[in-house]
Amino acid sequence: MAEGIRKRSEIEDRYKWDLSHIYASDKEWEKDYDAVNAELLKLSAFDGHVAEDPKKAIITVNRTIEKILPIYEYAFLRKETDNTDNTAQALKDKAMRLYVTAMTVSSFMEPELLEFPEEKLQELARDPELRDYDAMLRRLLLSKPHTLPKEQERLIAMMGEIAETPESIFSALSDADMKFPPIKMPDGSEQELTEGNYSTFIRSDDREVRRQAFHNIMSTYEFYGNTIAGIYGASVKKDQFMAASHHYSSAREAAMKPLEIPESVYDNLIEAVHEYIPVLQDYLRLRKELLQLDELHLYDLYTPIVKGFKMDLPYEKAFDLVLEGLKPMGEDYIAKLKEARDNRWIDVFPSMGKSSGAFSAGSLREVHPYVLLNHNNNLDSAFTIAHELGHSMHSWYSNTNQPAPKSDYSLFVAEVASTCNEAVMQRYLTEKMTDPAAQAFLLNHLLEQFRTTVFRQTMFAEFEKISHEMAAEGIPMTKESLSEAYFRLNEKYYGETCFMDPEIASEWMRIPHFYRAFYVYVYATGLCAAVSLSDRILREGESAVKEYRKFLSAGCSVPPIEALKLAGIDMSKPEPVRQALEVFRETVKKMHEVTGK
């Protein structure tokens with residue numbers, strides 16, 4: 001890390017975000033806090049009386065709650081740059097209490113609206129005075145057939161904590177109670193192995209270190225397999241119960257229908273990915289050859305295959321590379337990225353007490369998005385800049401073109417703009433950077449995104465489908481039955497080329513996403529959508545960019561599938577997935593050419 005860890009005071013202001021764009025001071029924040037808190041308490045006057053004047057209730061409640069956003073974001077962002085700042089922590093705690101108050105005092109709204117006849121809700125959705133809220137009412141109408149009488153909903157709500165129990169137990173077991181055997185390093189020393197550092201060991205250049213990490217993690221989970229099968233089985237049965245209680249045909253429908261995603265999206269993804277498993281095998285054989293291995297094991301899948309390539313990219317140089325790579329997105333798009341850099345939307349460098357990782361906070365309509373980075377001087381960090389600014393541009397376009405109630409966007413499309421930025425940048429730079437080592441690094445960056453996000457997450461989605469079908473059919477979900485199902489999936493995806501290490505059968509036990517069923521597929525569909533969009537942008541130029549802007553500007557004004565149609569792709573059909581996987585095929589071919597293998 002070239003910059004090192006410094007005190008925040010040692011970093012120039014131009015590399016720190018400027019929160020005075022939200023509030024000039026904590027004193028101004030307190031003033032707003034008190035005013036909004038007082039307004040929230042007045043909302044109780046609508047409790048039990050929404051039917052008397054639903055338009056006034058909808059508008060007043062929603063506009064009041066919208067005022068919380070700058071209060072919360074200011075406190076949240078202030079704390080993120082220094083988690084040791086007691087004043088910032090106090091502001092964040094107060095903001096959270098305000099949010100809880102808002103959710104509590106407005107909790108009457110949705111149940112009372114759902115008591116209206118369907119015809120009345122449709123009438124409200126058509127009312128010109130409620131145009132800003134038609135998307136909210138559209139989703140409410142969608143949920144009405146699955147809403148129980150108030151007392152029954154109250155009983156199910158009271159089960160909320162119980163419903164979260166399987167995930168809580170799994171988290172306590174995996175994060176606190178489970179201990180893994182240490183790794184014996186080449187120099188004879190031992191290093192602790194945890195879930196947190198497993199990714200470092202599994203990427204090691206030393207094959208024995210990788211093997212130990214894989215074996216020690218998987219065998220420990222296998223030891224607790226009966227317990228974890230019981231925990232996961234309870235989670236799946238909870239999903240089944242909640243779905244049946246609300247008159248859904250399956251747990252998958254219960255997860256997807258409220259998000260306005262047809263189940264065909266799930267099945268089309270799996271079907272299309274299966275068609276391209278032979279291309280995955282081609283990439284795996286190339287990996288095996290470049291690593292010079294007689295046998296490719298599953299613990300060899302994460303270590304870098306492009307060795308020795310480095311680009312020294314200080315922040316200014318990295319940002320310029322992003323601007324160069326995103327030229328196909330248009331001059332005004334580039335101008336907005338420069339504005340983000342020059343007007344202090346971005347907090348750039350690591351500092352003492354600052355949160356790790358990176359994110360974009362894009363809910364501030366009257367200001368602009370904010371981006372947190374922890375920049376290192378390498379190409380990965382340059383891609384992180386592109387990724388987070390993709391989120392920010394999505395938010396900026398949506399906030400600029402939609403009213404507040406329709407400016408947010410669905411989880412289904414949340415990663416599309418960020419990943420599209422990365423894909424455009426990667427493919428554009430691959431054409432511009434003629435050095436074979438740079439080309440190989442860039443090509444492999446995209447190939448690994450496909451392998452880990454499309455193929456792996458689709459395999460996870462397939463496992464969730466199988467486990468919930470087992471529950472629906474009354475098949476016991478034991479350690480043996482679940483592990484066999486997971487092992488067979490790995491055979492399908494990797495078995496032609498990889499040695500099937502038996503420990504992989506236990507990997508399902510360590511995936512926390514499985515306790516929030518039926519959402520991992522959106523990682524795969526999101527990347528496929530992004531790559532398909534980037535392919536159109538690079539092939540068709542300005543016309544495709546113009547359509548892409550319509551998608552960025554849509555927010556939740558239309559269902560997410562319809563928003564993507566504005567950009568020219570229909571994710572309800574398998575073609576965009578196949579189009580993305582054709583890019584994967586072409587990238588594997590280019591990787592063969594560049595490496596001479």
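The values are calculated or read from the model by the stated rules, or taken from the named source; none is laboratory data. The structure displayed is predicted, hence computed values, not measured ones. Cβ atoms come from the backbone with ideal geometry, glycine included; neighbour counts cover every protein chain shown. Each accessible area value is taken on the protein alone, full model and side chains, heavy atoms only, with ligands, DNA and RNA left out. Shrake-Rupley method; radii C 1.70, N 1.55, O 1.52, S 1.80 Å.
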(Q) If you count only protein heavy atoms with a 1.4 Å probe, what accessible area per residue comes out for the stretch 216-257, rounded to a whole Å²? (A) 41
Q. What's the FRET efficiency of residue 37 with residue 199 using the Cβ-Cβ distance as r and R₀ = 35 Å, to the nearest 0.05?
A. 0.25
Q | Cα centre as origin, Lys/Arg/Asp/Glu Cβ charges: the stretch 14-155 dipole, Debye | A | 320
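Quote the FRET efficiency, to the nearest 0.05, computed for residue 431 versus residue 380 with a Förster distance R0 of 35 Å and r equal to the Cβ-Cβ distance. Can you show the working numbers first?
Details: r = 20 Å, r/R0 = 0.57.
Rounded to the nearest 0.05, the efficiency is 0.95.
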Q: Work from the charge dipole of the stretch 424-490 (Cβ charges, +1 for Lys and Arg, -1 for Asp and Glu, about the Cα centre) and give the residue of 429, 482, 450 farthest towards its positive end.
A: 429
Q | J(HN,Hα) series, the stretch 137-153, from Karplus relation 6.51 cos²θ - 1.76 cosθ + 1.60, nearest Hz, glycine and proline x | A | 5, 4, 5, 5, 4, 5, 8, 4, x, 10, 9, 8, x, 3, 5, 5, 4
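Here are some pairs, 317/597; 492/565; 7/79; 238/479; 338/590; which of them have Cα atoms lying more than 21 Å apart in this structure?
Those over the limit are 317/597; 492/565; 338/590.
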Q: Could you work out how far the C-alpha centroid of the stretch 77-151 sits from that of the stretch 520-573, in angstrom?
A: 27
Q: First select every other residue whose beta carbon is under 14 angstrom from the beta carbon of residue 442; then total the charges, Lys and Arg +1, Asp and Glu -1.
A: -4
Q | Surface share of carbon and sulfur [accessible, 1.4 angstrom probe, percent] for the chain | A | 51
Q. Taking θ as phi - 60°, what are the ³J(HN,Hα) couplings along the stretch 393-410 by the Karplus curve (6.51, -1.76, 1.60), each to the nearest whole Hz, with x for Gly and Pro?
A. 5, 4, 5, 5, 5, 5, 5, 6, 9, 10, x, 3, x, 10, 8, 6, 9, 6
Q) For the chain, what relative contact order do you get, as a whole percent, if you take Cα pairs closer than 8 Å and at least 6 residues apart? A) 19
Q: Please give the contour-minus-distance gain from residue 466 to residue 539: 0.36 nm per residue of separation, less the Cα-Cα distance, rounded to one decimal in nm.
A: 22.4 nm
Q: Determine the relative contact order of the stretch 489-583: mean sequence separation of Cα pairs under 8 Å and six or more apart, normalised by residue count, in whole percent.
A: 25
Q: Could you give me the percent of Cα pairs per 5 Å distance bin for the stretch 453-597, shortest bin first, beginning at zero and ending with the bin that holds the maximum distance?
A: 2, 8, 14, 16, 15, 14, 12, 10, 7, 3, 1
Q | Peptides ranked, highest mean first, by Cβ atoms within 10 Å: ranges 207-218, 492-503 | A | 207-218, 492-503
Q. Which FRET efficiency, nearest 0.05, do residue 49 and residue 164 yield, Cβ-Cβ r, R0 30 Å?
A. 0.35
Q. How much length is gained if the chain between residue 90 and residue 343 is pulled fully straight, taking 0.36 nm per residue apart and subtracting their Cα-Cα distance, in nm to one decimal?
A. 88.3 nm
Q: Please figure out what share of the DSSP beta bridges in the chain is antiparallel and state it in percent, rounded to the nearest 5.
A: 50
Q | residue 177 versus residue 147: modelled label distance in nm, points set 7 Å from Cα along the beta carbon direction | A | 4.0
(Q) With Kirkwood's inverse mean 1/r over C-alpha pairs for Rh, give me the Rg to Rh ratio of the stretch 242-341, two decimals please. (A) 1.18
Q: Add +1 for every Lys or Arg and -1 for every Asp or Glu among the other residues with Cβ under 15 Å from the Cβ of residue 19, and state the total.
A: -3
Q | Label-to-label distance, nm, for residues given as residue 67 and residue 263 (7 Å Cα→Cβ offset) | A | 4.5
(Q) Could you check the spin-label model distance between residue 10 and residue 27? Points 7 Å from the Cα along Cα→Cβ, value in nm. (A) 3.2
Q: Could you work out the local net charge near residue 481, counting Lys and Arg as +1, Asp and Glu as -1, over the other residues with Cβ closer than 14 Å to its Cβ?
A: -2
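Cα-based Rg of the chain per 2.2 N^0.38 Å, rounded to two decimals? Provide the component values of the computation, followed by the final result.
Working: Rg = 25.2 Å, N = 597, 2.2 N^0.38 = 25.0 Å.
It is 1.01.
Express the relative contact order of the stretch 101-149 as a whole percentage, based on alpha carbon pairs under 8 Å and six or more residues apart in sequence.
Numbers: 21 pairs, mean separation 16.2, N = 49.
RCO, the stretch 101-149: 33 percent.
Can you give the charge dipole size of the stretch 147-254 about its Cα centre, rounded to the nearest 20 debye, using +1 on the beta carbon of Lys and Arg and -1 on the beta carbon of Asp and Glu?
Numbers: 11 positive and 17 negative charges, 65 e Å.
With only Lys, Arg, Asp and Glu charged at Cβ, the dipole is about 320 debye.
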